[in-house]
Every structure is written in structure tokens, then in C-alpha cells.
Amino acid sequence: MLSTSFVSATEKYSDYKEYIPAPLMRKSFILEAEAENAKITICALGFYRLFVNGTEITRGMLSPYITNPDDALFYDEYEITCLLKKGKNALGIILGNGMQNSLGGDTWDFDKAAWRSAPMTAFSLEYSYASSLKQNEIISDSSVLTHPSAILLDDLRIGEYYDARLEINGWSEADFDDSGWSSAIPVRAPRGIKNRRMNDVPPVIISKEITPVSVSEGAADTGYGETERAKTLYFPRCEREAKGYLYDFGVNTAGSVKLKINGARDQKIVLLFGETLEADGKLNLKSISFIPYAQQQRIEYTLKGGGEEIYVPSFTYFGFRYCLVCGITAEQATDELVTMLIMHTDLIRTGDFRCSDNAADRLYEMTINSDLSNFYHFPTDCPQREKNGWTGDAALSAEQIMMSFDAAKSYEQWLVLIRGAMDTRGAIPGIVPTAGWGFDWGNGPAWDSVLTYLPYYVWKYTGDIKIIRDNAHAILRYLDYVYSRRDENNLIEIGLGDWCQAGHENSAISAPLVFTDTVTVISIAQKARDMFDCIGMKLQRDFAANIASELRTAVRDCLIDFGTFTAVGNCQTTQAMAIFHDIFEQAEKPFAVKTLIAQIESKNGHFDVGILGARAIFRVLGDFGYADLAYEMIMHPDYPSYGNWIRRGATSLWEDFRSEGVIPNSRNHHFFGDISAWFISYPGGIRVNPRLASADEVDIKPCFIEKLSHVYARHDIPCGNVSVEWTRTDEGVIELKISAPDGAKGFITLPAGYKFDNSAAFCRLKTGEFRVIKAEQKDRNTD
């Protein structure tokens, strides 16, 4: 049973003037005999940790799920028979604020959320005895007892303040004396109770522990009192400059820390987290914060004394490479004091890439790092300052993530919230969940495309049509809405465009919004057409097809110069998008590609695209025989390029391509990460479901990049693993190995200028080893 009986410890919730400790809750009960079966379902708004008779059983970090409680509620289920016993038993719960009371989210109006409240929970424990068929139930009600915990403040963005002196030993055990505890308060269930669901996405896990690569004396400017907002709105927590010991973990990623310390009672230490260092070596807190620097990504810990203490935050996480620890002695600043805990949703890997270029391998792993660093139940935009479900970021990365991970369940569940966030017009906000922010700024077709792109790429890569059925009506509503936003020329110009254009540090964008918006809606409509057709929605298919056709005609009439085959704006983004999204006819594309090449040459072989252009340009170059140029643009070490990030020490993908000496806005984003899918699909040659006929259909079309001597790529399709490996010999022969499972169908196609030894350049997909030579090269064995 999914209980609708919610309780809170108090009606008060934390704000910047008063912190309310995270509540402990316990429910004692007596079993007349050993239970034959027992399970508990639990919902918490925001987060919870669950204990049974002193044993923690929480399925993952930050459970159950980050949600808008007006739209949907998610429950976890646990089988607990083996943890119960005859006689006295106890459930124990710690509640965290999560999104239910998001102090650090005031930039996005979470402080104004209609559903803002103290954290709450609802649970149902069902059990039966062997001697009876009767099902017994214990639910959350006023018999639940509460007490403040040692967690004085927890916030998803700010961090956590913990006073170990306030710990209550044994509080979740059956025999604990709770006579001094208070009764929980029954509270009204959120509106999302009408849409309550089991949470069946993978949990957030700790996947790896990392020790520091160095520990040294360090400092940080805290921003204390720097603005009037800081002086009036926030509690100042430290001096203008924080000093302590700087822990460098060697990689910029996301997660938490384990603190292991032995010190005197009342000793207070502060941990501050950041991605970069200032020129003077101080920890940079400015670039990751929308609130006073030291108020974000912060831990305060007060020791109880008396021996070794181990602490891991319960209800927050951080994006960081560096941790500045203040308030400790030189003797305490050991390598073992702080351990990085890498966290993310437990996504199963479905793809991989390796090659002879170590820099390309690093870049692929950087993308994997950023994909995971920004996947906490659903895709987020950065793990340090925002932690929001930005729709545009997720739309852009949907295919790259499906190439390397099984994210289908996670996308399916997040789409529940996306559909719930749509307003009465059919518009979609820029962030989900939202308290209402993101309709007036931060959205537009390129961001709204998440509603269509997620089900499309899940369908394409897994064959699942349920996700299409679940979202078909919402997609239709959106198409109807966005079609109504056309101007007198049948074009669309609303929202955000080609964000973060490389080389444009003044935020200027070369690609006209009217072009990127209209072409994106064409893409949305085309994908909707294909999905509607798949599930037999013929009228809806025709509606989507007509939208795509009408808008394409308008773009060709108004925004293309057919004298030079140039898209409006005369820039790489519009030109690449026009080719990639079939604005040009097939016979016109070679001429349009020549224009694109000229645009690239005018930038000395560099790209100057933003996030929309980056999704198209390398694929277009690969499709038209310029994979080597694409690879060079990606990998060369001078600015702007991905290779330049590597040369500058990047270990994750940055938010923007900024010149050397300029710190990026964020050093951990995933929306420029389509290159990981490009590596698998072009040098690796794995093209999944190319004709949208079956997810078990794969074409192998490798691009033999001249700068590479060896490539390995794999991707798991529903019927098994597909892998491609090729090696260039000293004689220039390509030794190609392909492995395909039974049930896989498709073709092997070699690039222009190559052929199979003594055969054509095309054959049906099959497992085997092939000798590939240049078409003009004679086989030595036939001389």
C-alpha cells in the first residue's frame, strides 16, 4: 500500500535566519510472532534515511527521488522480513529538506514554491504471520515520535551543518527509550498524491572512493558581506578569508566526502568545495555560486571528542576537485582526513570507446565523468551551483547518454515530471522540477525538445514503445502550442538559442534565433511524426508531418540563400543545422557542405558553434567525408577546442569554451558531450537503428581517421553486444574486427576510397575479421 498519511516533525522549516534540524522519527511496534513476510513502502519529501531495528536499509543516497510534490510522489519499497523479530521492533527515519525546502534554490524561486514546507514522510508497513492469512498494517500517524538530530542544517546546494555532540546513540533500535520524544504532526498530503508511483529508477550510489593527490596549506575568499543581499539575507558564517589545508583530489567530479578525524570536543571545522584555484593559488568559490561564496558547497562539523569520528553528509552533494578544510591542526591534516566519494545514479554502461590517441581516450572519459556527475535521478546542468534539471542540457545529451548508458528507466520517470510541469498552453519550463520558474526565461524549442527527444532516443536505442505511448499526448499538446507561436512568415522565434558559442566571451550568438528555433521545431515534429507512426496514431502523424513540412518550406523560402547555399547568419551553427536537419535537399547538400568547409577555414580550422551547432557540425562532417577534419577540430590543442580543455588540465567537460586565463562558468556540464557518441558512431562506426526499423538493426560505417592507428568501440543493443575494432598496419592495411550477436541485422559499409580485400565496400552485417585496403591499393597477394 502507498500510504497517503503524511507526518512532519514540526510545521517550521529552515530559512536563512533560523535553521531547523533534520528530524529523527521512530515508530515502535510489537510482533506477536515472527513475521512470515513484511514489506514497507515509504515516501519522503524531500529525502530520507530508513532504519529497521538499528540497521540502515536505504536503497541509495538522496532517496527516494527529487520531485515536484504537486505533480507526482515517488515511493520506495523494501522487503524487511529478515530484519524483524518477535517482540519489540522499531522503524527509524531521518528526514532531509531536499527540494521540499530548498534554501539555496531561491535564485530559481524555490523559496516561493507553493508546496514549500518542513520535510514530511508517509509509510506503510505490511506484515503477516504464518498462522494467519490476515495482512497487518502499520502506517505513519501521530504515534510516530520525533526528536531533532545532529544535522543542524541540510540543503541540496548549501551543504550540511553537523554537531556530533548532539548525536543520540541507538535511537533507531528497538529497546531505545523514547519517552522524552514528541509526537509527529499529521499534515495534508501534497496534490501529487493523485499521481503516486513506485520509484523504479536506479538509486544514487557511491561508486568510488578517492584519496587526495596532495594536501597543502590553502585559503579562499569567502565573499562575506560583499553585497547588500549577503548582508541582509544570509547568516554570515565566516571571515572574509578562510584559511586551512587544501585537499586536491586530482579530478573534477561530483559526490560527497568521508571525514575521518580525531580531535577535542567542541572543535569546529569547516569544509569548502570548489572546482578551480585562483591565480594566487586560493580556492575559487566565485564561479560556482549564486549566493555568497562560502554559503554554498559547505560543511560545518563540530566534534564530540573522545576518539575517532567518521562523518558522511546525508542529504547533499557537491561538485568539486578541491576541498579546503579550515579549523584543523597541521597534525590533523593527513591524507586520511578527507576522502572523496564519487556519487551518481547507478546507470549500467552500454557503450565504450578506446583508441590509439590518449587525448581522445581522456576526452571520452571526461564526457562519461560529466554525464555521471550530472545524473542524480535525472540529468542536471552542473553539480556545484545549480543542480537543476535543465531541459535543454538533457535534450542535447540524450543520444550520447543512451550510447554509453542504460538511462531509459530514469528518463521515463523524469518525463512524468516534465509532463506535469507543462502549463495550460502546453509550454514547458526550462527546469524540471520547478516551482514555477522557467516559463518567462530559460526555455524555448531547443529546451522544450526534451519532451520529444528523450522518448525518441529511448525508442531508437531500446525499441521501447511504451515511452512513446506515455508521452504522445503531451507531445501533441506541445506541437499544438509551439505551432501557435509562428510569426507572419510561418517562423518561430522564442526562448534561448545557440547557447555558449565558442570564442564569444561576450555572450554574443551568431546564429539567428529565428533559424535555430524553427529548425529545432522541425526536428521535434519529424521525430514526433516517426513516433506517432510507430504506435499507429495516423492522424497525429499527419499533423506532425504537416508542421515539419510547412516550417521547412518557410525556412527555405526566408532563411536560405540558394545562390550560395548558405543559411541565414552565415555561420557554422546555422549551416551545419541546415544540413543535419535536412533543410537542404540531398542534391543540395554537397554545395552546402562546401560553404560549411569555407566557414571553418575562415576560422583557421576551428569551430565557433554553441551547444546547438556542436550537436550537428561533427556529424555533418563525418557524413560527408570530412571525419578527419572533425577529429582535428575536436582534438587540436589550441583554443577553442576540446583538446584545448585537455591541454589546460580539464578532467570533466566545461560549460563554455573560454580563452586561456578566463575561468569557465562551470567546469562540469554535459551539453557539449555529443563527441562521445561521435567517437562510437564515426571512428567506431556503430550506427544503431539507422532506418528506425528495429533497435537490433545496426550499420557499421567506420571512419578510418588518419591520425589514429587503432580504435575500439562497443554498444549493447537489445539482443546483445556489438563491437568494432580496427588497426592500421605499417603497410596501410586496415584489420577490421566486428562482433555482432545473433539477431542483429544491418550492413557494413566502408568509407569512400576503401574496399574489402578482393571484394566490394559493402556487405551484410556479420561477425568476422576483415582485411580492408584502399581502393587504388593492390593486394600484395595478387601481384
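The values are calculated or read from the model by the stated rules, or taken from the named source; none is laboratory data. The structure displayed is predicted, hence computed values, not measured ones. Every residue, glycine as well, gets a Cβ built from its backbone with ideal geometry; the counts of neighbours run over all protein chains shown. Quick note on the areas: whole protein, heavy atoms, side chains included, nothing else; ligands and nucleic acids left out. Shrake-Rupley method; radii C 1.70, N 1.55, O 1.52, S 1.80 Å.
Do we have TYR317 as within 20 Å of PRO212 (Cα to Cα), modelled with pLDDT of 90 or more and within 28 Å of the chain's Cα centre (by Cα) here?
Yes: the conditions hold for TYR317.
Could you check MET531 against (1) surrounded by 21 or more Cβ atoms within 10 Å (Cβ to Cβ); (2) free of Cβ contacts under 8 Å to residues at least 60 places away in the same chain and say which number it fails?
All conditions pass for MET531, except number (2).
Looking at (1) touching a strand residue (DSSP E or B) at 6+ places or on another chain (Cβ under 6 Å); (2) closer than 20 Å to ILE401 by Cβ; (3) not in a strand (DSSP E or B), can you tell me which one ARG714 breaks?
Every listed condition holds for ARG714 apart from (3).
Does the range 268-283 include one or more residues that are closer than 16 Å to PRO313 by Cβ, in a strand (DSSP E or B), touching a Lys or Arg at 6+ places or on another chain (Cβ under 8 Å) and open to solvent by 10 Å² or more (accessible area, probe 1.4 Å)?
Yes, the range 268-283 contains at least one residue that is closer than 16 Å to PRO313 by Cβ, in a strand (DSSP E or B), touching a Lys or Arg at 6+ places or on another chain (Cβ under 8 Å) and open to solvent by 10 Å² or more (accessible area, probe 1.4 Å).
Of VAL432, VAL416, which residue is touching a helix residue (DSSP H, G or I) at 6+ places or on another chain (Cβ under 8 Å), crowded, with 24+ Cβ neighbours inside 10 Å and of a type in the set (Val, Ile, Thr)? Break it down stepwise before answering.
Working: VAL416 fails: crowded, with 24+ Cβ neighbours inside 10 Å.
On inspection, the qualifying residue turns out to be VAL432.
Given the residues ARG321, ARG362, ARG354, ARG385, which is the only one that is within 19 Å of GLY98 (Cβ to Cβ) and either open to solvent by 20 Å² or more (accessible area, probe 1.4 Å) or without any contact (Cβ under 8 Å) to a residue 12 or more places away in the chain (or both)?
From the options ARG321, ARG362, ARG354, ARG385, the qualifying one is ARG385.
Could you please find all residues in the range 36-46 being touching a helix residue (DSSP H, G or I) at 6+ places or on another chain (Cβ under 6 Å) and either exposed (fewer than 15 other Cβ atoms within 10 Å of the Cβ) or at pLDDT below 95 (or both)?
Residue satisfying the conditions is ASN37 alone.
Restricting to the range 120-144, what's the tally of residues that are of a type in the set (A, V, I, L, M, F, W, C) and over 27 Å from SER102 (Cβ atoms)?
Step one: filter the range 120-144 for residues of a type in the set (A, V, I, L, M, F, W, C), giving 120, 122-123, 125, 130, 133, 138-139, 144.
From what is left, the residues that are over 27 Å from SER102 (Cβ atoms) are 125, 130, 133, 138-139.
Matching residues across the range 120-144 total 5.
Yes/no per residue for (1) under 27 Å from the mean Cα position of the chain (by Cα); (2) in contact (Cβ under 8 Å) with a residue 24 or more places away in the chain; (3) open to solvent by 10 Å² or more (accessible area, probe 1.4 Å):
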{"site": "ALA90", "(1), (2), (3)": "no, yes, no"}
{"site": "LEU95", "(1), (2), (3)": "yes, yes, no"}
{"site": "THR107", "(1), (2), (3)": "yes, yes, yes"}
{"site": "ARG116", "(1), (2), (3)": "yes, yes, yes"}
{"site": "GLN135", "(1), (2), (3)": "no, no, yes"}
{"site": "ILE139", "(1), (2), (3)": "no, yes, yes"}
{"site": "SER142", "(1), (2), (3)": "no, yes, yes"}
{"site": "GLU160", "(1), (2), (3)": "yes, yes, no"}
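Sort through ARG197, ARG165 and tell me the only one that's on the phi < 0 side of the Ramachandran plot, open to solvent by 60 Å² or more (accessible area, probe 1.4 Å) and not in a strand (DSSP E or B). Break it down into steps so the answer makes sense when it comes.
Numbers: ARG197 fails: not in a strand (DSSP E or B).
Unique residue meeting the criteria: ARG165.
Quick one: is GLN332 of a type in the set (S, T, N, Q), open to solvent by 10 Å² or more (accessible area, probe 1.4 Å) and at pLDDT 95 or above?
Here the answer is yes, as GLN332 does meet what is asked.
Every residue, every condition in (1) among the polar types (S, T, N, Q); (2) farther than 16 Å from THR121 by Cβ; (3) open to solvent by less than 30 Å² (accessible area, probe 1.4 Å); (4) in contact (Cβ under 8 Å) with a residue 12 or more places away in the chain, yes or no:
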| site | (1), (2), (3), (4) |
| --- | --- |
| MET1 | no, no, no, yes |
| GLU32 | no, yes, no, yes |
| GLY54 | no, yes, no, yes |
| ILE57 | no, no, no, yes |
| GLY60 | no, yes, yes, yes |
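Where in the range 30-105 are there strands (runs of 3 or more DSSP E), lying wholly inside it, with at least 3 residues that are over 23 Å from TYR162 (Cβ atoms) and of a type in the set (Phe, Trp, Tyr)?
The strands (runs of 3 or more DSSP E) meeting that bar are 73-79.
Collect the residues in the range 127-161 that are of a type in the set (A, V, I, L, M), more than 14 Å from PHE29 (Cβ to Cβ) and part of a strand (DSSP E or B), keeping them in residue-number order. If you could, list the steps in order and put the result at the bottom.
Filtering the range 127-161 down to residues of a type in the set (A, V, I, L, M) leaves 130, 133, 138-139, 144-145, 150-153, 156, 158.
Still in the list and also more than 14 Å from PHE29 (Cβ to Cβ): 130, 133, 150-153, 156, 158.
Selection gives ILE151, LEU152, LEU153.
Confirm whether ALA693 is part of a loop (DSSP other than H, G, I, E, B), farther than 30 Å from GLY274 by Cβ and over 29 Å from the mean Cα position of the chain (by Cα).
It is false that ALA693 is part of a loop (DSSP other than H, G, I, E, B), farther than 30 Å from GLY274 by Cβ and over 29 Å from the mean Cα position of the chain (by Cα).
I'd like the full set of residues that are open to solvent by 40 Å² or more (accessible area, probe 1.4 Å) and either part of a helix (DSSP H, G or I) or acidic (Asp, Glu) (or both), limited to the range 464-482.
Passing the criteria: ASP464, LYS466, ARG469, ASP470, HIS473, LEU476, ARG477, ASP480.
When you go through (1) acidic (Asp, Glu); (2) farther than 20 Å from ILE210 by Cα; (3) within 23 Å of the chain's Cα centre (by Cα) one by one for GLU331, which number turns out not to apply?
Condition (3) is where GLU331 drops out.
Under the condition of being open to solvent by 10 Å² or more (accessible area, probe 1.4 Å) and part of a helix (DSSP H, G or I), which residue from the range 400-412 is farthest from ILE717 (Cα to Cα)? Spell out how you get there, then give the answer.
Filtering the range 400-412 for residues open to solvent by 10 Å² or more (accessible area, probe 1.4 Å) gives 406, 408-409, 412.
Those left that are additionally part of a helix (DSSP H, G or I): 408-409, 412.
Numbers: ALA408: 13, LYS409: 16, GLU412: 18 Å.
If we take residues in the range 400-412 being open to solvent by 10 Å² or more (accessible area, probe 1.4 Å) and part of a helix (DSSP H, G or I), then GLU412 is farthest from ILE717 (Cα to Cα).
Taking the condition of being in a loop (DSSP other than H, G, I, E, B) and within 10 Å of GLY746 (Cα to Cα), how many residues in the range 676-690 meet it?
2
Table: residues versus (1) without any contact (Cβ under 8 Å) to a residue 24 or more places away in the chain; (2) open to solvent by 10 Å² or more (accessible area, probe 1.4 Å); (3) of a type in the set (Phe, Trp, Tyr); (4) closer than 29 Å to GLY250 by Cβ.
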{"residue": "LYS589", "(1), (2), (3), (4)": "no, yes, no, no"}
{"residue": "ALA592", "(1), (2), (3), (4)": "no, no, no, no"}
{"residue": "ILE597", "(1), (2), (3), (4)": "no, yes, no, no"}
{"residue": "LYS603", "(1), (2), (3), (4)": "no, yes, no, no"}
{"residue": "ILE611", "(1), (2), (3), (4)": "no, no, no, yes"}
{"residue": "ARG619", "(1), (2), (3), (4)": "no, yes, no, no"}
{"residue": "PHE624", "(1), (2), (3), (4)": "no, yes, yes, no"}
{"residue": "GLU632", "(1), (2), (3), (4)": "no, yes, no, yes"}
{"residue": "SER652", "(1), (2), (3), (4)": "no, no, no, yes"}
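Given the criterion surrounded by 16 or more Cβ atoms within 10 Å (Cβ to Cβ) and at pLDDT below 95, identify the matching residue among PHE704, PHE679, PHE671, PHE756. Talk me through it step by step, then tell me what you get.
Details: PHE704 fails: at pLDDT below 95; PHE679 fails: at pLDDT below 95; PHE671 fails: at pLDDT below 95.
That would be PHE756, the only listed residue that is surrounded by 16 or more Cβ atoms within 10 Å (Cβ to Cβ) and at pLDDT below 95.
Going by the structure shown, is PRO741 open to solvent by 50 Å² or more (accessible area, probe 1.4 Å) and farther than 17 Å from ASP628 by Cα?
The answer is no for PRO741.
How about the range 270-295: which of its residues are touching a helix residue (DSSP H, G or I) at 6+ places or on another chain (Cβ under 9 Å) and at pLDDT below 85?
LYS286, SER289, PHE290, ILE291, PRO292, TYR293, GLN295
Within the range 714-732, can you find the residues that are of a type in the set (Val, Ile, Thr) and closer than 18 Å to LEU692 by Cα?
Of everything in the range 714-732, those that are of a type in the set (Val, Ile, Thr) and closer than 18 Å to LEU692 by Cα turn out to be ILE717, VAL722.
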